[in-house]
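K.L.:
One structure, pasted below without further comment.
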Amino acid sequence: MNRHLAAAALLAALSSPVYAGPPDPADPLASVMWDVLRPELFGTAPVQFDDRVTVTAPDNAENAAAVPVMADATALGAVEEMVLFADLNPFPVILRFQPLAAKPVIATRFKVQQATPLRAAARTPDGVWHIGGKLLDAAGGGCTAPPATYAAADWADHVGEVQGRAWAPTGEDKATRVRFLVRHPMDTGLVAGIPAYFIEALTLRDADGRALARLQTAEPLSENPGFTLEVQPAAGARSLTLDGRDNQGGEVKAAIPLPWVQGALP
Amino acid sequence: MRALVALLLLVVSAAPGWAAGPLTYNLKPVAIAPDTWVFEGTREHFTRINGGNILNPGFIVTDAGVIVIQTGPSRRFGEEMRAAIATVTDKPIRKVFISNLHPDYWLGNRAFADVPIAALPGTIEGIKTEGPGMTENMYRLVGDWMRGTEPLVPTETVYGSTVVFGAHRLRLIPLEGHTAADLAILDETTGVLFAGGVVFSDRTPTTPHADIGKWLAALDALDALEVTVLVPNHGRIGSDKAAIAQTRDWLSWLDRTLRERAEAGADMAELLDAPIPERFAGMGVLREEYRRSVSHLWPGIEKAVLPRVN
């Protein structure tokens with residue numbers, strides 16, 4: 001690990017930066033990909049490396065096909081958008097997330113192809129991207145291994161099935177925790193003979209259709225991906241709806257009950 | 001430029017296991033019962049310092065030859081084992097038993113290619129399918145110690161039975177739970193139990209192929225045996241069954257904790273740093289193995305608490 005880090009630092013120091021705006025702070029993770037990803041993901045917007053954006057993940061990926069990660073930017077206050085990305089993955093962006101009526105915190109699982117920096121960036125209303133992250137070691141191969149889904153002959157009958165649940169709000173922010181799993185192979189397109197096939201968009205809505213959280217999901221999310229969100233539905237809402245689609249036009253639709261709500265406003 | 005070269009030199013010399021001279025496990029057989037020796041491994045995870053020496057392989061010297069139980073994590077380990085056995089006895093190796101498919105049990109097989117290597121059918125199947133991948137990962141984890149190591153699938157299938165070598169009656173006990181096929185060996189003549197992968201002692205159990213329910217049943221089966229010395233495959237060798245109780249305690253706590261947290265709405269990532277009770281603090285690689293177990297067990301547990309909603 002030390003050797004890789006040092007090599008990455010040397011490379012970063014020797015190559016000229018692609019980004020042409022005002023000088024950026026040095027990348028604390030010394031990633032060889034930072035100069036490429038910076039303009040791709042953030043354009044000319046200002047960035048800062050910020051410990052208030054936390055990324056919780058193991059140091060070592062035990063299962064390269066499903067690494068748990070939680071990104072939390074609640075310490076920043078208002079956040080308009082978050083991006084979760086792994087620099088050295090063939091598809092760096094794991095997902096984009098707009099917490100419209102939700103806390104800027106999201107957890108999921110993703111595939112990792114090799115040891116990589118893993119980061120979350122959160123954009124505050126002033127347009128600044130705040131970036132936190134950590135190094136993730138991995139034997140790798142998660143993005144180029146065929147999913148287990150196809151071992152079952154009837155897999156196609158189950159695509160789009162949703163398991164989910166919401167928990168009664170706790171704490172001052174009255175946020176409702178929602179967790180859901182969507183059955184989907186989430187093919188990256190990197191396995192020979194298996195075209196890209198993955199969920200592209202998911203929106204969690206209040207009972208009246210108002211979007212609470214919007215997700216733009218990408219190839220690296222694990223097979224049968226799972227999500228944890230904390231949303232703020234209107235008082236009295238008795239259920240949330242989840243809708244989305246994959247890149248081949250398949251739809252996801254589900255209703256997640258809020259069983260503790262009695263339906264009558266006080 | 002000079003600074004660059006100096007930095008590179010520093011980086012190279014700081015890489016563990018590179019500049020340390022010839023690698024050796026320095027194996028010393030420890031007598032634990034009449035005719036019975038064990039090579040005690042560390043209670044760590046695989047590292048470039050320990051070269052994968054985390055297991056307690058052993059051997060029994062009988063009039064019919066030497067019975068070897070597990071061959072260690074690398075070809076080098078197997079060769080050193082064989083040389084160390086030769087310092088104790090000049091009898092030939094008669095047979096090798098492998099308890100499960102995990103790489104530290106059988107990657108030394110190349111050093112015993114001239115004798116029958118026996119394992120349960122499920123272990124042989126597992127080594128055939130997962131062996132090459134596990135071998136590659138061991139090269140990544142411990143590096144040069146693995147030089148010359150290639151998978152060698154066990155050559156003889158065994159089932160639950162009692163086999164006799166010289167004066168030693170060995171009861172082969174097929175179990176499951178730690179993996180799909182776990183072989184325990186009770187030497188009825190000396191009362192030594194080579195428990196295989198199902199018993200850990202002061203070393204956190206590993207769960208990559210685990211089924212906790214079946215594992216707890218396997219512990220009950222071993223608990224019922226008459227045993228004078230218990231050799232867990234990882235950790236302290238003991239004259240009582242405390243290691244069985246400790247393994248049961250850990251697995252029960254782990255399973256219960258994950259289920260309770262899943263029921264309460266926790267995400268997998270939040271489990272990584274969850275508190276572990278003080279009574280487990282003495283177990284080796286505690287946090288690391290706990291996190292690995294979260295990765296292995298959580299997806300199944302999570303599914304059970306999330307109802308279908310479409």
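K.L.:
Please give me, ordered by residue number, the GluC sites (Glu not before Pro) of region A:172-250 that lie in loop per DSSP and have at most 15 other Cβ atoms within 10 Å.
P.N.:
Working: sites: A:Glu172, A:Glu200, A:Glu223, A:Glu230; in loops: A:Glu172, A:Glu223.
Those satisfying the criteria are A:Glu172.
K.L.:
Report the residues of region B:272-310 in range of a label on B:Ala242: point 7 Å along Cα→C-beta, backbone N strictly under 20 Å from it.
P.N.:
Residues B:277-286 qualify, since their backbone N sits under 20 Å from the label point.
K.L.:
I want to check a number: in region B:13-249, how many lysine pairs have alpha carbons closer than 22 Å, given a sequence separation of 8 or more or different chains? Walk me through the numbers on the way to the answer.
P.N.:
Numbers: B:Lys28/B:Lys91; B:Lys28/B:Lys95; B:Lys95/B:Lys128; B:Lys214/B:Lys241.
Here the count comes out as 4.
K.L.:
So which lysines can A:Lys134 reach, going by Cα to Cα under 24 Å and dropping same-chain residues fewer than 8 places off?
P.N.:
Of all the lysines, those that pass the test against A:Lys134 - Cα under 24 Å, at least 8 places apart if same chain - are A:Lys103, A:Lys111.
K.L.:
Given labels modelled 7 Å from the Cα in the Cβ direction, how far is it in nm from B:Ala264 to B:Ala86?
P.N.:
5.8
K.L.:
Starting from the Cα of A:Ala207, step 7 Å along the direction of its Cβ; do the same at A:Lys253; then give the gap between the two resulting points in nm.
P.N.:
So the two model labels end up 2.0 nm from each other.
K.L.:
Next question, about the same structure. Give the cross-link partners of A:Lys253 among the aspartates and glutamates, using a straight C-alpha distance below 16 Å as the criterion and excluding same-chain residues fewer than 8 apart.
P.N.:
A:Lys253 reaches A:Asp157, A:Glu161, A:Glu200, A:Asp206, A:Asp208, A:Asp243.
K.L.:
Moving on to the next point. Hey, what does the equivalent ellipsoid look like for region B:13-249, semi-axes from the Cα gyration tensor as sqrt of 5 times each eigenvalue, largest first, whole Å? Could you put the intermediate results ahead of the total?
P.N.:
On the way: eigenvalues 126, 85, 61 Å².
Over the Cα atoms of region B:13-249, the semi-axes work out to 25, 21, 17 Å.
K.L.:
Put +1 on the Cβ of every Lys and Arg and -1 on every Asp and Glu Cβ in chain B; which of B:Phe200, B:Ile85, B:Thr24 then has its Cα farthest towards the positive end of the dipole?
P.N.:
The residue sitting most towards the positive pole is B:Thr24.
K.L.:
Take each complete run of DSSP H in chain B, measure how far its Cα atoms stretch along the helix's own axis, and keep only those covering 27 Å or more with mean Kyte-Doolittle hydropathy at least -0.5; list them. Show your work: numbers first, answer last.
P.N.:
On the way: long enough: B:121-142 (28 Å, -0.45); B:242-263 (31 Å, -0.75).
What comes out of the filter, once short or polar helices are dropped, is B:121-142.
K.L.:
For chain A, with a Gaussian network of springs between Cα atoms less than 10 Å apart, report the residue from A:Pro90, A:Pro46, A:Pro25 with the top mean-square fluctuation.
P.N.:
A:Pro25
K.L.:
Averaged over its residues, how many other protein chain Cβ atoms are within 10 Å of peptide B:151-161's Cβ atoms? Write out the running numbers ahead of the final one.
P.N.:
Details: counts 0, 0, 0, 0, 0, 0, 0, 0, 0, 0, 0.
Mean partner-chain Cβ count within 10 Å for B:151-161: 0.
K.L.:
Also: Rounded to the nearest 500, what is the protein assembly as shown's calculated 222 nm mean residue ellipticity when only DSSP H runs of at least 4 contribute -39500 (n - 2.57) each, over all residues? Walk me through the numbers on the way to the answer.
P.N.:
Values: 11 runs with 135 residues, N = 576.
Value at 222 nm, helices only: -7500 deg cm²/dmol.
K.L.:
Does anyone have the angle between helix A:2-14 and the longest principal axis of chain A? Alpha-carbon axes, 0 to 90°, nearest 10?
P.N.:
Tilt of helix A:2-14: around 70 degrees.
K.L.:
While we're looking at this one, here's another question. How high is the FRET efficiency between B:Asp144 and A:Trp260 when r is their beta carbon distance and R₀ equals 56 Å, given to the nearest 0.05?
P.N.:
0.45
K.L.:
I would also like to ask the following. Obtain the nm distance between the two label points defined at A:Glu80 and A:Thr144 by a simple spin-label model: each point lies 7 Å from its Cα along the Cα-to-C-beta direction.
P.N.:
3.9
K.L.:
Residues of B:195-204, mean number of Cβ from any other protein chain within 10 Å of their own Cβ, rounded to a whole number?
P.N.:
Details: counts 0, 0, 0, 0, 0, 0, 0, 0, 0, 0.
What the average comes to for B:195-204 is 0.
K.L.:
Can you give the extra length, in nm with one decimal, that the chain gains between A:Val36 and A:Ala196 once fully stretched, where that is 0.36 nm per residue apart less the Cα-Cα distance? Display every interim value, and only then the final one.
P.N.:
On the way: separation 160, 0.36 × 160 = 57.60 nm, distance 2.37 nm.
Result for the pair: 55.2 nm of gain on full extension.
Since every read-out is calculated from the coordinates, none of them should be taken as a lab result. Remember, it's a predicted structure, so these values are computed and weren't measured experimentally. In this analysis, Cβ positions are derived from the backbone assuming ideal geometry, glycine residues included, and neighbour counts consider all displayed protein chains.
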